[in-house]
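Below: one structure, written as structure tokens.
The values are calculated or read from the model by the stated rules, or taken from the named source; none is laboratory data. The model shown is predicted, which means the values in this text are computed figures rather than measured ones. No Cβ is skipped: glycine too gets one built from the backbone with ideal geometry, and neighbour counts run over all protein chains shown.
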């Protein structure tokens, strides 16, 4: 009977916490979906104008209709919910439980300090994301969602006394905190290949991982479009308004803008950049706001630095991008930790007491995550010696062959000396085809060129993207018509994005605006 009461008491604590967290995440998802939907609608309108005036648009005609659907907005919102939303809502849940525990342990001073710290953190976040401009959806979600979690959790538990020994608190809370700290520093120690190694190891080697990978690369460019700076966007729109005395410079300025993917549009109400001339000066506007100005001769002489400065001055999402990057390394893994813990606990509870099952689930989750770190650490070893590459490429082991292809790419080894790479480019494994395309980037061999053209139509988006990358790096001007056609026919935005970058590397520029 006593065990049953203990079981009911613990379950009565867990369920309200879970419901409070779910409510906060659901509200965050709603707000994030609205933000992505608004961004998608603006993008569709802009790219439609781009196509109407004869330019090549990315995303193109086959992708734009899908961006207007709620499904696209919802899928894009998941990116923010499982990163920023997970981080702030989990923080709020911990703050609520800490506040209640301190209050019931008779420590009002510490309780007030902890509460002030939590609410101060919310205020700090709100101020930080609005330093360069007002971000409505982001501010509301960063404040309202954690407050919802905090107060609903406290309300649900106000009449439910619970006490947890300090040793159990240390294990249940200490292990995920330790993992969060590792996640913050481990990727930096591994360099820029951390996310690539994670994808190659845990996603592109099994059907479930491939499904997650494809979903990610299909639905993350639209949420990324929400907070990109102007410099990070692929295609920008502009309006050029010159005084009569500056008209002789119009053609030169248009060439400069178009060659940098600032496309002049007639009648565009809110372009990314408006340039107005007056007495030999060009004034840079975002909407109706004057941002900076420079002499026309300076713009012609050094446009890149000026356009970069304009992008920096108009970037209002810098702080939110940094928060999202931090949340990607902490909020998402911690939410996954919580889900895995619940699954382990549910299974272990069938064979052991509740307390034992809970502690065992925490230890199991920690060891599972630690194993992942160890695997990634050894995967990020140094490239193979050049003399070992040929043997690796002929190895029956997929891992060894991929390692050989990665070494070819890193050391920029000539594919002509390794004809077996052509077999790797026809491999049944997407991971091997991916790295084979990367390995031959820069090659001008005719057989490699033909195989790369085939890979641009690969059913796996990552492989097609790397084929376009390799064509661009190889300087194949004959590929321009093929790539140009691929952009209009592709149904994956990520593939279009890589294809467009390949065109630009090959020297292609947008056509001049229609008269």
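Quick look at the numbers
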{"item": "Hits in segment 229-248 (condition: assigned to a strand (DSSP E or B) and either surrounded by 16 or more Cβ atoms within 10 Å (Cβ to Cβ) or touching a helix residue (DSSP H, G or I) at 6+ places or on another chain (Cβ under 7 Å) (or both))", "result": "236, 237, 238, 239, 240"}
{"item": "Number of positions in segment 249-278 that are at pLDDT below 90 and assigned to a helix (DSSP H, G or I)", "result": "0"}
{"item": "Test: residue in segment 296-310 that is out of contact with any strand residue (DSSP E or B) (no Cβ under 9 Å at 6 or more places or on another chain), surrounded by fewer than 19 Cβ atoms within 10 Å (Cβ to Cβ) and closer than 30 Å to residue 21 by Cβ", "result": "no"}
{"item": "In segment 425-442, the residues that are assigned to a loop (DSSP other than H, G, I, E, B) and touching a helix residue (DSSP H, G or I) at 6+ places or on another chain (Cβ under 7 Å)", "result": "425, 427, 429, 440, 441, 442"}
{"item": "Pairs with Cβ under 7 Å, 6+ apart, first in segment 290-305 and without any contact (Cβ under 8 Å) to a residue 40 or more places away in the chain, second in a helix (DSSP H, G or I)", "result": "291/310; 291/313; 292/309; 292/310; 292/313; 294/306"}
{"item": "Residue 458 vs. criteria touching a residue at least 12 places away in the same chain (Cβ under 8 Å), in a loop (DSSP other than H, G, I, E, B) and over 26 Å from residue 240 (Cβ atoms)", "result": "yes"}
